[in-house]
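The values are calculated or read from the model by the stated rules, or taken from the named source; none is laboratory data. Note that the structure is a prediction, hence the values are computed from the model and not measured. Cβ placement follows ideal geometry from the backbone for every residue including glycine, while neighbour counts extend to all protein chains displayed. Surface accessibility is based on the protein's heavy atoms, side chains included, excluding ligands, DNA and RNA. Shrake-Rupley method; radii C 1.70, N 1.55, O 1.52, S 1.80 Å.
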Amino acid sequence: MLRNLDLTALRSFVAVSDAGGVTRAAGTLNLTQSAVSMQLKRLEDSLNVSLLDRSSRTIALTLTGEQLLGYARSMLKINDEALTRLTATEFEGELRLGVPHDIIYPTIPAVLKRFAADFPRMQVKLISAPTRKLLNMFGRGEVDLILTTEETCGPGGQVLVELPLLWIGALDGVAWRKQPLPVAFCKNCIFRSGVLQALNEDNINWMMAVDSELDNAVEAAVSADLAVHVALKGNLPPQTQVIEHGGLLPSLKPQNINLYVLKTEDAASKSMAEIIQQCYAAPHPKPQLLTA
């Protein structure tokens, strides 16, 4: 049967190695010298090996002791990290994360899952709102972290990734071939003014087929092939495809996904930011294409 190593004894073993003797290690650990010696003896007996060379006036590690030392440091590090994350008061309470609707998938579920696993005593409040509203809320201190979609990046923000802005339509749709071009946008969509300007500059007639306050109304219209819309690469709504228009629609400027952190020294906010950065560093899936 597998046996478990005693972490308390391992801590004493590491302390003796670092201090160069039992007496100084006992002082570091706030234990008596006899208590440390007993822990070392118990550890040696459990492994049936000698860990310390006691043949001279100074204590040295045996070859087996040198091997165990690396494992002991790693085990204690993991133990202490787990205790810190699960019991530290800075990882209690609520963290408010703001994300625009159109970039929640595919990345944010993975972010939330990892954060919940690492910090089970923290509650994350996910706030979905357009970029402009999130920036206003952030300025008033109403959210702790926000993600935004912008052409540039504001003061204090960090660009996580730059992504192409793509024309999208229904699966096997034909709405993009119609004249005037039917488009669908929310009133607060950050991409709306730039896309309409690009259409006007290319002298493409268009009509606002859906002008809604709700993202799901726009997505429903596009997936029903009633209109076209735009989306960042890797962030397509369900039942939509990228339109391979062959230059019949204007090229669109790439956009940033930016991260803003209200309190950069806050431990929970810093950990959430690190998880977000790591998740966005992972490859994005390739979008489906709707060809001409």
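Quick look at the numbers
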quantity	calculated
Number of the condition not met by S193 [criteria: (1) surrounded by 12 or more Cβ atoms within 10 Å (Cβ to Cβ); (2) out of contact with any strand residue (DSSP E or B) (no Cβ under 9 Å at 6 or more places or on another chain); (3) of a type in the set (S, T, Y)]	(1)
Test result for K77, basic (K, R) and over 16 Å from the mean Cα position of the chain (by Cα)	yes
Only one of A198, A227, A231, A217 that is of a type in the set (A, V, I, L, M) and over 16 Å from G169 (Cα atoms)	A198
Within segment 124-145, tally of residues that are crowded, with 21+ Cβ neighbours inside 10 Å, closer than 14 Å to M272 by Cβ and not charged (D, E, K, R)	2
Within segment 3-78, helices (runs of 4 or more DSSP H) holding 1 or more residues that are under 30 Å from D118 (Cβ atoms) and open to solvent by 20 Å² or more (accessible area, probe 1.4 Å)	7-19, 22-29
Any pair with Cβ under 6 angstrom, 6 or more apart, that starts in segment 206-234 at a residue that is in contact (Cβ under 8 Å) with a residue 40 or more places away in the chain and open to solvent by less than 50 Å² (accessible area, probe 1.4 Å) and ends at one that is small (G, A, S) and in a helix (DSSP H, G or I)	D225/A175; A227/A175; A227/A221; V228/A175
Residue satisfying condition, being within 21 Å of P100 (Cβ to Cβ), surrounded by fewer than 21 Cβ atoms within 10 Å (Cβ to Cβ) and out of contact with any strand residue (DSSP E or B) (no Cβ under 8 Å at 6 or more places or on another chain), within set N203, N188	N188
Tally of residues being assigned to a helix (DSSP H, G or I) and either touching a Lys or Arg at 6+ places or on another chain (Cβ under 9 Å) or of a type in the set (K, R) (or both) across segment 90-110	1
Exclusive hit being over 20 Å from I257 (Cα atoms) and at pLDDT 95 or above, set R96, R140, R121	R140
Residue check, G98 in contact (Cβ under 8 Å) with a residue 24 or more places away in the chain and at positive phi	no
Qualifying residue in segment 101-118 (condition: over 13 Å from the mean Cα position of the chain (by Cα) and over 16 Å from I275 (Cβ atoms))	yes
Residue check for R85: within 30 Å of M137 (Cα to Cα), of a type in the set (K, R), in a helix (DSSP H, G or I) and open to solvent by 40 Å² or more (accessible area, probe 1.4 Å)	yes
